[in-house]
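The structure under discussion appears below in the form of structure tokens.
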Amino acid sequence: MTDRPDGLPWHHNAVVYEVYLRSFADGNGDGIGDLAGLRSRLPYLRDLGVDALWLTPWYVSPMADGGYDVADYRDIDPLFGTLADAEELIRAVHDVGLKIVIDIVPNHCSDQHPWFTAAVAAGPGRPERAKFWFRPGRGENGDLPPNDWGSMFGGPAWTRVTEPDGAAGQWYLHLYAREQPDLNWDNPEVRAEFESILRFWLDRDVDGFRIDVADFLVKDPQLPDVAGHAARTTQPWEDQDGLHDIYRAWRKLVDSYPRDAVLIGEIWLKPLTRLRPFLLGDQLHTAFNFDFMGLPWNAGRFRQTIDTTLTSIGAAAPWVLSNHDVTRHLTRYGRAGTGSEWQPDPGTPDLTLGTRRARAALLLSLALPGSSYLYQGEELGLWEVEDIPDELIADPIFERTDHFIRGRDGCRVPLPWQAAAAGFGFGPAGAKPPWLPQPEAWRELAADSQAGDPDSILELYRSALRLRKTRSLLGADSLTWLDAADGVLAFARPDGFGCAVNLSARTVPLPPHEEILLASGPLAEGLLPPDTAAWLRLAG
Ligand code: NOJ
Ligand code: CA
């Protein structure tokens, strides 16, 4: 089944909008985004012109990590709504002509998941423990962790439990927060359970799954220490051969449904070529292109990554500029020098510069072959909020690093919808304030103040997405680089479509063209100013 005249599946060139549920829109007025809020804003998403939504986890969760600690994979957290609301939402999303991809979190569950509470209660050596990674500690009294692995969020990757008899007992592995015990994928019950969960949601008509830390599920069963193995290219918790069987089984399962559902892996392996074994046709459909997301504002680096992506992965690796885990790209591009990777650099960003570059980056990424993932709020020109008061920070990274890393809340601040309303209309009239405070300066970025203003970033997104749909530039995957000055990217796509992006500090001539279709900022006559991009109908 395909929605495309060329026979390619829908996700091959889809524009997918990431909804970070707790920060998108609040329907019931408790200050936290929810399904009712999202539902009420579906017309906005339809009019924006995206093709699909990806929703971050909506499952029952103690919310130790924004819902990536799941206690029940078959029900919705009451903060967000009910299972019936989710079913309604899936229908409503389809009714407005969009697809819906949900997040699946298979590497770990919540420490409140019945499997884990049963495992702790059962005691050492019991089969309940075999669904996780329980091990005795090292040292005389077993009071040292079983190995030297660290949690991705800081601190050790092991926590010790108290056994049913009250004694200090075994340790369990958690590559993230201690509330997120890693599941043992060598255990057949774990595999069977997740296949059943996938079916549960496919039966409810979701259009795919974004697979959380898709490359971590299988561990080297020896759980070897990592110290002293700096030269090792593969860590014992990542990219293990056994992953491929899991995804082959998932692909078969998904393909047995008529919906053309997609499996998208969250895989941070570097270099990008390491994604290839997952994307050979019998496993994942696609995986995020995080190399692209981390690029500094540098034409050579962009060109190199675009080439590597297209030659090694093909257009199947979607273009991503931001997501709910990294500093918003507007802020990254607004920092001095050539820009920065996603660990925030020191220094105050130049938000005007960042905005200009973010506008140009949009036209770049939407002109490339393949699909594109947008993160909520980037269409409003939101920046990273870097002054959230300590006591309001919810990201577990902050606590786990003894307040050294402030974490990811700065890109998760609730969206501003209405300039004149309390909480910028995040919730209904009379609602509690949004769960994180919004900067006052976001008033002018509220969706309703930008709508209809041709110079606004929101209208740029709308125009670009509209144009992208009407051009058949997406039919083929070909891209031809055009001659361009240093610091400038210029390329042709099928049907005479061209894109030029000036990442240099000088104004440069536009490639020969018959028509300017869209520009990210004002153009001088036939010229492309710094930090500006244009879509063109190329000459001849
Ligand atoms: C990746 C998710 O995007 C992130 O938000 C989460 O903290 C980790 N995986 C752990 O589930
Ligand atoms: Ca709410």
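The values are calculated or read from the model by the stated rules, or taken from the named source; none is laboratory data. In this text, all values refer to a predicted model and were calculated from it rather than measured experimentally. Don't worry about glycine lacking a Cβ; one is built from the backbone with ideal geometry, like all the others, and counts go over all protein chains shown. Only protein heavy atoms, including side chains, enter the accessible area calculation; ligands, DNA and RNA are left aside. Shrake-Rupley method; radii C 1.70, N 1.55, O 1.52, S 1.80 Å.
Normalised by the number of residues in the chain, what is the relative contact order in percent for Cα pairs under 8 Å and 6+ residues apart? Write out the running numbers ahead of the final one.
Details: 1147 pairs, mean separation 70.8, N = 540.
Here the relative contact order equals 13 percent.
With charges only on Cβ, +1 for K and R and -1 for D and E, what is the dipole size of the stretch 114-173 about its Cα centre, in debye, rounded to 20?
Numbers: 6 positive and 6 negative charges, 44 e Å.
So the magnitude is around 220 debye.
Can you give the charge dipole size of the chain about its Cα centre, rounded to the nearest 20 debye, using +1 on the beta carbon of Lys and Arg and -1 on the beta carbon of Asp and Glu?
Working: 50 positive and 77 negative charges, 231 e Å.
Result for the chain is approximately 1100 debye, rounded to the nearest 20.
Could you provide, to the nearest whole Å², the per residue accessible area of the chain with probe 1.4 Å? Don't skip to the answer; put the middle values down first.
Values: 20360 Å² over 540 residues.
Accessible surface, normalised per residue, equals 38 Å².
Grab the eigenvalues of the alpha-carbon gyration tensor for the stretch 114-173, scale each by 5, take roots, and send me the semi-axes largest first in whole angstrom. Working shown, then result.
Numbers: eigenvalues 71, 41, 17 Å².
Value: 19, 14, 9 Å, ordered largest first.
In debye, nearest 20: dipole of the stretch 478-538 around its Cα centre with unit charges on the Cβ of K, R (+) and D, E (-)? Could the numbers behind the result be given before it?
Working: 3 positive and 7 negative charges, 19 e Å.
Rounded to the nearest 20 debye, it is 100 debye.
Relative to 2.2 N^0.38 Å, what does the C-alpha radius of gyration of the stretch 196-289 come to as a ratio? Two decimals please.
Cα-based Rg divided by the globular estimate yields 1.19.
Can you list the HN-Hα couplings for the stretch 25-33, worked out from phi with the Karplus curve (6.51, -1.76, 1.60; θ = phi - 60°), rounded to whole Hz and with x for Gly and Pro?
Couplings: 7, 9, x, 9, x, 8, x, 10, x Hz.
Just want the answer: with Cβ charges of +1 for Lys and Arg and -1 for Asp and Glu, which residue in 415, 376, 56 is farthest toward the dipole's positive end in the chain?
376
Any chance you could look up the accessible area of residue 501 with a 1.4 Å probe, heavy atoms only, rounded to 10 Å²?
Around 0 Å² of this residue is reachable by solvent.
Round to the nearest 10 and report in Å² the accessible area of residue 333, as given by a 1.4 Å probe over the protein chains' heavy atoms.
Answer for residue 333: close to 0 Å² accessible.
Need the full-extension length gain, residue 192 to residue 506, defined as separation in residues times 0.36 nm minus the C-alpha distance. One decimal, nm.
Answer, rounded to one decimal: 107.2 nm.
Using θ = phi - 60° and the Karplus curve 6.51 cos²θ - 1.76 cosθ + 1.60, what whole-Hz ³J(HN,Hα) does each residue of the stretch 440-451 get, with Gly and Pro shown as x?
In residue order, the calculated couplings are 4, 5, 6, 3, 6, 9, 3, 3, 6, 7, 8, 4 Hz.
Lys/Arg Cβ at +1, Asp/Glu Cβ at -1, dipole of the chain taken about the Cα centre: which of 280, 538, 102 is farthest positive-ward?
538
Once the dipole of the chain is set up with Lys and Arg at +1 and Asp and Glu at -1 on Cβ about the Cα centre, which of 522, 162, 404 lies farthest towards its positive end?
522
For the chain, which whole-number percentage of the solvent-accessible area (1.4 Å probe, protein heavy atoms only) is attributable to carbon and sulfur atoms?
Values: 10620 of 20360 Å².
C and S atoms contribute 52 percent here.
So what's the projected area for the chain, the Cα convex hull averaged over all directions, in nm²? Don't skip to the end; give the middle numbers.
Details: hull surface 100.4 nm².
Result: 25.1 nm².
What distance in nm separates the simple spin-label points at residue 451 and residue 515, each placed 7 Å from Cα in the Cβ direction?
2.9
Please figure out what share of the DSSP beta bridges in the chain is antiparallel and state it in percent, rounded to the nearest 5. Can you show the working numbers first?
Numbers: 34 of 58 bridges.
Expressed as a percentage, antiparallel bridges in the chain total about 60.
Once you place label points 7 Å from the Cα toward the Cβ at residue 95 and residue 167, how far apart are they in nm?
Going by the 7 Å Cα→Cβ label model, 6.0 nm.
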